[in-house]
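Quick notes on the structure that follows.
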């Protein structure tokens, strides 16, 4: 009955069009009434404590860094570097998209920001070259969701806080799976365009390649700083986020000089608005998380999934299917915040490595960003590229299938995640 009241109230509030953050509060209040615990002070206290988290400070700083990079020219130089390296091969613009997405993912951590940047820069070029518009848009959308997997990842920050798992370990464990997502897209694109008769642009000269590399070198240093700093314990993920924001600001204003001082206000306001949405969601979800613990919902879920506990792979398959279904209706952040406190006790009871689970959980949630009808990345690509949502959805299907196939492989062979993670974490 407790599960029914929580889920029913949450879904009912969302069906009425109430924003997700407030829907979480409504479901929390309903649960408090059911448990005869209603107290406005407890509600307010948990709401404030939900956002009062030092590790969670990484989210607004990484969001700010991403905004600065897009306006300050770092993103454009990364795309130009990829274009000079592989733009001349058959289907080269698709490979440019994948390489640029991986590099941008190591800078921003935001799928929507990467999708907007890649769509604006590459979709017109791909269409002009003769590639199918829907397929090109689908590739860009699919490549953009690498951002929540390769560090710095805002999704890992939120999951780490909600699950009480080391954000640094999640960051380092996400490096190899993120590039595996890129490899899956690379093979899928190669298969789809092998019969296309699209004339590739001429190969760039060595001088042009070196110039592009030199211009992008300042941007490429940032992920190296973050990964090396985390691996050797130089700074925490929160401090890494501050380093990223300050570094991006310095490079954009002093080195590249594309970000003018009068633009800073707009950049900071945009980052603040995005951060406010994320932080309110987290705060509201922490109220629900506290009530979920008080109502002992995790033990009820554990009992429901008891038949799967003795088979971790089967349990992971069941959880991944659940996340996939939920991802069609909810955005990434609320899905993480709602499901994490419920699923983590089940994962621990089954003896599954929390870091391994976190990587697959975030990967699955990232794919949810390109699953209709909610898929925010699909909407971003459709809006920026001025293309119908149905066309983007049609174009994304083969790439989404490849990404789900990769998750299935990782469930069957956990070593694909755990072995590189142990190497990176030392």
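We did not get these values from a lab; they are worked out from the coordinates using the rules stated. Only a predicted model underlies this, so the values are computations on that prediction, with no experimental measurement involved. As a convention, Cβ positions derive from the backbone with ideal geometry for all residues, glycine included, and neighbour counts pool all protein chains shown.
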Assertion target for 158, 20, ordered by fewest C-beta neighbours within 10 angstrom first, is 20, 158
Ranked list, fewest to most other Cβ atoms within 10 Å of each Cβ, for 262, 88, 131, 34: 262, 88, 34, 131
The range 230-358: projected area of the alpha-carbon convex hull, averaged over directions, in nm²: 11.2
Tell me, how many Å apart are the Cα centres for the range 209-260 and for the range 313-335? 33
For the range 39-425 the mean separation of alpha carbon contacts under 8 Å (6+ apart) over residue count, i.e. relative contact order in percent, is 28
Classify the range 324-403 from the C-alpha gyration tensor, please: rounded if a/c falls under 1.5, else prolate or oblate depending on whether a/b exceeds b/c. prolate
Would you mind pulling out the separation of the Cα centroids of the range 338-406 and the range 5-78, in Å? 19
To the nearest whole percent, what portion of all C-alpha pairs in the chain is separated by more than 37 angstrom? 22
Projected-area mean, the range 320-366, by convex hull of Cα positions, square nanometres: 2.9
Acute angle (nearest 10 degrees) that the helix 206-231 long axis makes with the longest principal axis of the chain, alpha-carbon atoms: 20
Rounded to the nearest 10 degrees, the helix 332-349 long axis (Cα) sits at an angle to the longest Cα principal axis of the chain of 60
Cα-only Debye scattering, the range 60-191: base-10 log of I(q)/I(0) at q = 0.13, 0.15 Å⁻¹: -0.51, -0.66
With the Cα gyration tensor of the range 356-402 in hand, convert its eigenvalues to equivalent ellipsoid semi-axes via √(5λ) and list them largest first in whole Å. 22, 11, 7
Among 313, 135, 194, which comes first, second and so on when ranked by fewest other beta-carbon atoms within 10 Å? 194, 313, 135
Restricted to Cα positions, what overall size does the range 201-263 have along the principal axes? Three whole-Å values, descending. 44, 35, 17
Using alpha-carbon coordinates, inclination of helix 133-144 to the longest axis of the chain, degrees: 60
Per the helix-only calculation at 222 nm, which mean residue ellipticity applies to the chain, given -39500 (n - 2.57) for every DSSP H run of n ≥ 4 and division by its residues, nearest 500 deg cm²/dmol? -25000 deg cm²/dmol
